[in-house]
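Coordinate-derived values only; no laboratory data. Just so we're clear, the structure is a prediction, and the values are computed from it rather than from any experiment. Counting neighbours? That spans all protein chains shown, and the Cβs are built from the backbone with ideal geometry, glycine included.
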Amino acid sequence: MGKGEGEVAGCKAAARLGVEGVFVEECFDGSYCRNLERIGYLRKGRLEPLEAAYQASRGMLCMGETRGWAAAVEVIAGLGLSLDTALVYFDLRRKGRKPLVGVRRGTLVYEHGGRVYEVLVLSEGYPLKIGSLVEWSRGASMDNHSPIVAIVDRTGLITYYEARAVRSIQ
């Protein structure tokens, strides 16, 4: 698709931040927007918030005249998203995964290699009772998800751990 009158150089779509999310106002590359719809990130003009931040960080989605990391930060701050969750989401997307926000607080879910993974995002130094971690792991396992814990350190480095509840040996 050619450049539209309102197109910002390099952007595949223009969007605006609203109270209820991020809305695509104009699509400059039809195949780009159709792909987002096919994957399930774009529905009726509304883009999933973490995907909007990710696409903005890559320069594919422009928020008015703002683009790149500034646009991503605008989405994250404007919608009150967790920066740590956004960083883990971005990392998973860069690795070719297609995560969705999980049903449990602070989680992302994605499918890979025939398995469904549930990622619990934690900040380094965040106090967490072991019982809460075990409860989350059991819940994820009961949903037939492979539980993974992602710990984001103060520099943004992410470390992933497999989290399985183990029964005590009698």
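Legend: ranking of residues Trp69, Trp136 from fewest to most surrounding C-beta atoms inside 10 Å; resulting order Trp69, Trp136. Compared with the direct C-alpha span, the chain from Ser82 to Phe23 gains 19.3 nm at full extension, assuming 0.36 nm per residue.
If you bin all the Cα-Cα distances of region 83-162 at 10 Å, starting from zero, the percentages per bin are 19, 55, 25, 1.
Reported to the nearest whole Å, the Cα centre-to-centre distance from region 95-120 to region 24-92 is 18.
What the Cβ-Cβ distance of Asp153 and His112 gives, at R0 = 30 Å and to the nearest 0.05, is a FRET efficiency of 0.80. Between Tyr161 and Arg104, the simple label model (points 7 Å from Cα in the Cβ direction) yields a spacing of 1.5 nm. Of the residues Gly113, Leu36, Val22, the one whose Cα sits farthest towards the positive end of the charge dipole of the chain is Gly113 (charges of +1 on Lys and Arg Cβ, -1 on Asp and Glu Cβ, taken about the Cα centre). Counting only DSSP beta bridges with both residues in region 80-150, the antiparallel share comes to about 60 percent. The slack between Arg43 and Arg138, meaning 0.36 nm per residue of separation minus the straight C-alpha distance, is 31.0 nm. Net length available on complete extension from Asn35 to Thr66 is 8.9 nm, with 0.36 nm assigned per residue and the Cα-Cα distance removed.
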